[in-house]
Amino acid sequence: MSDDDLIARFGSARHPERPPGHPVPDRVDDETVAALGELSAAFEVIEEARGFLYAFHRRSGTADLALQQAVDHLRRAGHHELADEIDQVLVGRDVLPGVWTYQLVETYDRTYYDVWQAAVEKAERVAGAGTPHLAESDMKVQEQSREPSTREISLRSSGEVPNDA
């Protein structure tokens with residue numbers, strides 16, 4: 001097998017025999033599928049933002065623990081006054097007045113993320129007959145069952161692309 005023969009190495013992406021992950025229910029029209037797909041895509045951005053918030057929480061906590069080690073090291077190195085001053089102004093400091101990062105995460109989840117999640121779930125239930133990811137499922141069917149492009153067909157017939165590729 002040649003490394004240049006991608007189909008032989010990895011197989012075809014086309015699988016028209018496979019059923020869709022979530023068939024679109026008969027009573028759900030194309031406009032609804034598109035709208036639910038847009039809503040799902042927007043929620044995925046919220047999921048990503050939430051991940052960044054959790055990363056901020058973890059990194060802030062990791063930095064605080066590393067700071068405490070550095071302060072201890074300053075003390076061991078004989079810089080007691082400096083260590084005490086840094087300890088006093090930074091160790092255990094709020095990221096916002098009265099708020100630590102875990103509280104940001106909890107508040108974000110409760111007042112924003114949970115509302116988004118409930119709205120998306122309701123839209124899927126009411127407009128999508130309870131089925132999530134209808135647009136993506138439809139895309140899977142379209143992409144895996146489509147015929148090769150016109151350019152690919154013309155290259156095959158001209159002999160530039162092997163017929164078994």
Note to self: Among the residues in the stretch 111-124, are any modelled with pLDDT of 95 or more, aromatic (F, W, Y), surrounded by fewer than 11 Cβ atoms within 10 Å (Cβ to Cβ) and closer than 30 Å to A35 by Cα?
What the structure shows: no
Check: Can you tell me how many residues in the stretch 24-41 are surrounded by 13 or more Cβ atoms within 10 Å (Cβ to Cβ) and out of contact with any helix residue (DSSP H, G or I) (no Cβ under 7 Å at 6 or more places or on another chain)?
Finding: 3
Checklist line | Sole exception among (1) loosely packed, with under 13 Cβ neighbours inside 10 Å; (2) modelled with pLDDT under 95; (3) not hydrophobic (A, V, I, L, M, F, W, C) for P132, by number | finding: (1)
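Condition test on V141, is it at pLDDT below 80, under 24 Å from the mean Cα position of the chain (by Cα), surrounded by 17 or more Cβ atoms within 10 Å (Cβ to Cβ) and of a type in the set (A, V, I, L, M, F, W, C)?
Details: at pLDDT below 80: yes; under 24 Å from the mean Cα position of the chain (by Cα): yes; surrounded by 17 or more Cβ atoms within 10 Å (Cβ to Cβ): yes; of a type in the set (A, V, I, L, M, F, W, C): yes.
Answer is yes for this residue.
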Checklist line | Cβ-Cβ under 7 Å pairs, at least 6 apart or on other chains, the stretch 74-103 side more than 14 Å from H57 (Cα to Cα), far side of a type in the set (S, T, N, Q) and modelled with pLDDT of 95 or more | finding: V91/Q68
Checklist line | All positions within the stretch 56-73 that are exposed (fewer than 14 other Cβ atoms within 10 Å of the Cβ) and under 16 Å from E106 (Cβ atoms) | finding: R58, G61
Check: Do we find that S40 is closer than 20 Å to Q142 by Cβ, among the polar types (S, T, N, Q) and touching a residue at least 24 places away in the same chain (Cβ under 8 Å) in this structure?
Finding: yes
Checklist line | Subset tally (residues that are loosely packed, with under 15 Cβ neighbours inside 10 Å, at pLDDT below 70 and in a helix (DSSP H, G or I)) for the stretch 144-155 | finding: 5
Check: Looking at R18, R76, which one is surrounded by fewer than 11 Cβ atoms within 10 Å (Cβ to Cβ), farther than 20 Å from E124 by Cβ and either under 26 Å from the mean Cα position of the chain (by Cα) or of a type in the set (D, E, K, R) (or both)?
Finding: R76
Check: Does any residue of the stretch 5-24 turn out to be of a type in the set (A, V, I, L, M, F, W, C) and modelled with pLDDT of 95 or more?
Finding: no
Margin query: Can you pull out every residue in the stretch 118-133 that is in contact (Cβ under 8 Å) with a residue 60 or more places away in the chain and either β-branched (V, I, T) or within 12 Å of R27 (Cβ to Cβ) (or both)?
Written below: V120, A127, G128, A129, T131
Item checked: Test result for A66, farther than 21 Å from A42 by Cα and hydrophobic (A, V, I, L, M, F, W, C) -> yes
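The values are calculated or read from the model by the stated rules, or taken from the named source; none is laboratory data. Because the structure is a prediction, the values reported are computed rather than measured. Neighbour counts are summed over all protein chains in view; Cβ atoms, including those assigned to glycine, are modelled from backbone coordinates with ideal geometry.
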